[in-house]
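Throughout, read-outs are computed from the coordinates displayed, never taken from laboratory work. The structure presented is a predicted model; accordingly, all values stated were derived computationally and were not measured. When we count neighbours, we look across all protein chains shown, and the Cβ atoms used for this are built from the backbone with ideal geometry, even at glycine.
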Ligand code: ACO
């Protein structure tokens, strides 16, 4: 805390907190994290119970409306989401404007932002009905958009949503089926996919959620806010870590190379970090990583993958890092991104799809946080201050005299 009278001659105090390591930007009833105990709750329910006993659309309802739904409320919610899975036909043309080899995250930032143009009848945030429709549209259409971004990037035709399928199976079908071949979604893989969605659904005021709130605080429409969140999520220190982590595991290549990479991660002159390790809030373990690890073992067993070199490197790296003084003393444990990439790769997704899958899962959390903020009478535009460390006041000198 600085006394700004000394700095600027004004009254009052001023907090300087780069990276917001100890500043709460809002109060919220949605998600609770205890970083020391390694606990995560959505609306009071522990993540382990939700991952085990619930499913993603029920979790979406819980995050959006605050309580678990009755059977009737759930059926109604599922039917509303299912009826909105199609995207406007003109969006197909919009996709075609992107370079074919564009990263799916680049396409998603653009397409989700463009939803404000395609669905402008749900951009008036003063109307509760429009807010509700926009929320349902985003939850329903994000899997379709992510799958389209993938299909476009590999040059295959788009696959329309199949509303007979559940949310996760529909996403897998849109990604992996091809018109001329029969493709049946494996229910066990769909369950693992659904669990990945649930584990990523919300995580209080992380960088992308704070971005959504900050964008929304100016009154921007929800599609624009979610596009801003997707852009922020893309960075390798945040959601992009799942792609970066798997690429790192491949680069390490074999178990014998691990010590070299551990040494690099400890070397302060080397910018290299072990991707998938460490977390701003969890200083014990990431509870999502525990569930994700179990899921990874199940999926690999199911697919009969036991001698995959990437997996061997991951398992050995985890073991070595968890026993290493540097990682132990800095409380650097594997985070959710360490294991999610292993599952997604085993399912057949390329690394470029890892972060889009994170984005579609997190959309419900972003919307829930945005709705909470919009409904808060205390809400005002977010406007951080700065600590000016530039030049003193000085007079302009014309170019000939410099
Ligand atoms: N490998 C090696 N050293 C690390 C790592 C790592 N992955 N993470 C942190 N450290 C070290 C830092 O060098 C620093 O050391 P110092 O105290 O000697 O300077 C110390 O641990 C603290 O690190 P900070 O960067 O200050 O921690 P912060 O809370 O700001 O960062 C973050 C958290 C960004 C997640 C960081 O741990 C990281 O970069 N991890 C790798 C990327 C990653 O996996 N991100 C996913 C996060 S989870 C998510 O977004 C879903």
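Observations, loosely collected:
- Shape category assigned to the range 14-98 from the gyration tensor of Cα positions, a/c cut at 1.5: oblate
- Taking other C-beta atoms within 10 angstrom as a stand-in for reagent exposure, 23, 351, 209, 123 fall in the order 23, 351, 123, 209, fewest first.
- In the chain, Cα pairs under 8 Å separated by at least six residues give a relative contact order of 21 percent.
- Cα centroid separation - the range 375-402 against the range 204-226, whole Å: 23
- For the options 167, 388, 326, a Gaussian network treatment of the chain with springs between C-alpha atoms closer than 10 Å singles out 388 as fluctuating the most.
- Percent of C-alpha pairs per 5 Å bin, the range 149-292, short to long: 2, 8, 11, 14, 16, 17, 15, 9, 5, 2, 0
- Ranked list, fewest to most other Cβ atoms within 10 Å of each Cβ, for 78, 181: 181, 78
- The orientation-averaged projection of the convex hull spanning the C-alpha atoms of the range 120-186 amounts to 5.5 square nanometres.
- Cα shape, the range 221-326, gyration tensor, a/c 1.5 rule: oblate
- Alpha carbon Rg of the chain, scaled by the compact-globule rule 2.2 N^0.38 Å: 1.06
- Taking the range 115-196 and dividing mean pair separation by its residue count, relative contact order in percent (alpha carbons under 8 Å, at least six apart): 19
- Which of 125, 381 has the fewest Cβ neighbours within 10 Å, and the rest in rising order: 381, 125
- Take every Cα pair under 8 Å whose residues are at least 6 apart in sequence, average their separation, divide by the length of the range 33-143, and the relative contact order is 21 percent.
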